[in-house]
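See below for the structure under consideration.
Read-outs: derived from the displayed coordinates by stated rules, not from any lab. All figures in this text were calculated on a predicted structure; none of them were measured in a lab. Cβ coordinates were reconstructed from backbone atoms using ideal geometry, including for glycine residues, and neighbour counts include every protein chain displayed.
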């Protein structure tokens, strides 16, 4: 019962700060919708210029295909001499595609040479766009050979499971929910105890009949409930707004979120006990949040992280949250597929909780 009064007091404290209520309940919805359109790896409308020095009909057909593709935004088609390096330096185009006659005789005289010059500043877009151009050209010649009655000895057929349309939002959407859950819970919880110290109300809690464990749990419980609420709202937004299918059991997602929040809130309370001011707590939270996200595999695969620093990714709770949520959303996997990750996440939560609670008890004894 005493614990419930403390939880009620924390909720009153939160709702009394009206300036942060939109940050807690409104901004996550806005951010999920905004990030859903912005944080994407889909490549489309790549600005290109086509320079056609060829007189062949084949070059004209390929150019028409590139021009009609939604992957490219053809800004200009010309036959005049250009310096591709100067064009790309201006930064308005991502590629210059040159068509020239091969100069060879007979059969190959109608097949042009194609040169794709990419702006390598954005290496990901450049490599994907170059692959798209090669794919358009390859499909054209395969269709021409098929029309001529020539069959390829080997035919490549790719079957894509779980995300057949290769929509990046299906992959990034669940990660964005985990991202916002991390940011909100980490920042708000890290201010809870340090605010008591700054306002000099910590002594009031310590002289009450509440035990250190009750104070600790009472500080964490409101943010856990708010975090779960925001996760449910965020999940509803990505499902209803972006049409991302949920193939798995949401109970597993709730269990994962509770274990994750135990780890994250314990870490946030550890920051709150160590920090002397609210500015220090916010700085530590910001540094931790950026580190957690960059090591979690949200934007880049964890496998790309060098082995020398892979350990920090292995103890990152956000990594396991994102991985499990994606397993549930995209593949519809049950707990038998990710129980090892769940055990590791629970182990991280247990260690962080123990260290944080020990540090809080040490603070209370001072």
* Structure fact -> Each label sits 7 Å from Cα toward the beta-carbon; between residue 143 and residue 101 the label points are separated, in nm, by 2.6
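Return the percentage of antiparallel bridges among DSSP beta bridges fully within the range 46-147, rounded to the nearest 5 %. Provide the component values of the computation, followed by the final result.
Values: 7 of 18 bridges.
So the antiparallel bridges in the range 46-147 amount to around 40 percent.
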* Here are several values of P(r) over Cα pairs in 20 Å bins from 0, in percent: (i) 24, 41, 24, 10, 1; (ii) 22, 38, 24, 13, 2; (iii) 25, 51, 18, 6, 0. Which one was derived from the coordinates shown? -> (i)
* Structure fact -> When the chain is treated as a Gaussian network with springs between alpha carbons less than 10 Å apart, the largest mean-square fluctuation among 131, 332, 173 is found at 131
* Asked: Going by alpha carbons, how many degrees (0 to 90, nearest 10) lie between the helix axis of 278-294 and the longest principal axis of the chain?
  -> 40
* Can you tell me the FRET efficiency between residue 278 and residue 217 if r is taken as the Cβ-Cβ distance and R0 is 22 Å, rounded to the nearest 0.05? => 0.50
* How would you rank 261-270, 177-186, highest first, on the average number of other Cβ atoms within 10 Å across their residues? -> 261-270, 177-186
* To do: Identify which of 236, 57, 220 has the largest mean-square fluctuation in a Gaussian network model of the chain, with springs joining Cα atoms closer than 10 Å.
  => 57
* To do: In vacuum, with every alpha carbon of the range 23-67 counted as one equal point scatterer, what does the Debye formula give for log10 I(q)/I(0) at q = 0.21 Å⁻¹? Two decimals, please.
  => -0.78
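Add -39500 (n - 2.57) for each DSSP H run of 4 or more in the chain, then divide by its residues: what number comes out at 222 nm, to the nearest 500 deg cm²/dmol? Walk me through the numbers on the way to the answer.
Numbers: 15 runs with 227 residues, N = 366.
For the chain, the value works out to -20500 deg cm²/dmol.
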* Would you mind ranking 277, 40 so that the residue whose beta carbon has the fewest other beta carbons within 10 Å leads the list? => 277, 40
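Report the semi-axes of the equivalent ellipsoid for the range 46-147 in whole Å, largest first, where each axis is √(5λ) for an eigenvalue λ of the Cα gyration tensor.
Numbers: eigenvalues 107, 52, 25 Å².
Taking √(5λ) for each eigenvalue gives 23, 16, 11 Å, largest first.
Could you list 171, 5 so that the one with the fewest beta carbons within 10 Å of its beta carbon is first and the one with the most is last? Don't skip to the answer; put the middle values down first.
Numbers: 171 18, 5 13.
Listed from fewest to most nearby Cβ atoms, that is 5, 171.
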* Asked: Of the beta bridges DSSP finds with both residues in the chain, what % are antiparallel, to the nearest 5?
  -> 40
* Asked: When a footprinting reagent is the concern and you count Cβ atoms within 10 Å, what order do 74, 237 take, fewest first?
  -> 74, 237
* To do: State the Cα centre-to-centre distance between the range 318-366 and the range 1-79 in whole Å.
  => 29
* Kindly provide log₁₀ I(q)/I(0) values, in the same order as q = 0.19 Å⁻¹, from the Debye equation applied to equal alpha-carbon scatterers of the range 215-322. => -1.16
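Cβ neighbours within 10 Å, averaged per peptide: list 243-253, 41-51 in order, most packed at the top.
On the way: 243-253: 15.8, 41-51: 17.7.
Output ranking for 243-253, 41-51: 41-51, 243-253.
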* Asked: Helix 212-240 versus the longest principal axis of the chain: what angle, 0 to 90°, nearest 10, using Cα atoms?
  -> 30
* Structure fact -> Whole-Å distance linking the alpha carbon centroid of the range 109-125 with that of the range 243-262 is 43
* Label-point separation in nm, residue 236 to residue 40, each point 7 Å along Cα→Cβ -> 2.5
* Pick from 308, 257, 281: which is most flexible by mean-square fluctuation in a GNM of the chain where alpha carbon atoms under 10 Å apart are linked? -> 308
* On a 0 to 90° scale, report how tilted helix 168-190 is relative to the longest principal axis of the chain, with both axes built from alpha carbons and the result rounded to the nearest 10. => 30
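Taking Cα pairs under 8 Å and at least six residues apart, what relative contact order does the range 46-147 come out at, in percent? Could the numbers behind the result be given before it?
Numbers: 142 pairs, mean separation 31.4, N = 102.
It comes to 31 percent, rounded to a whole number.
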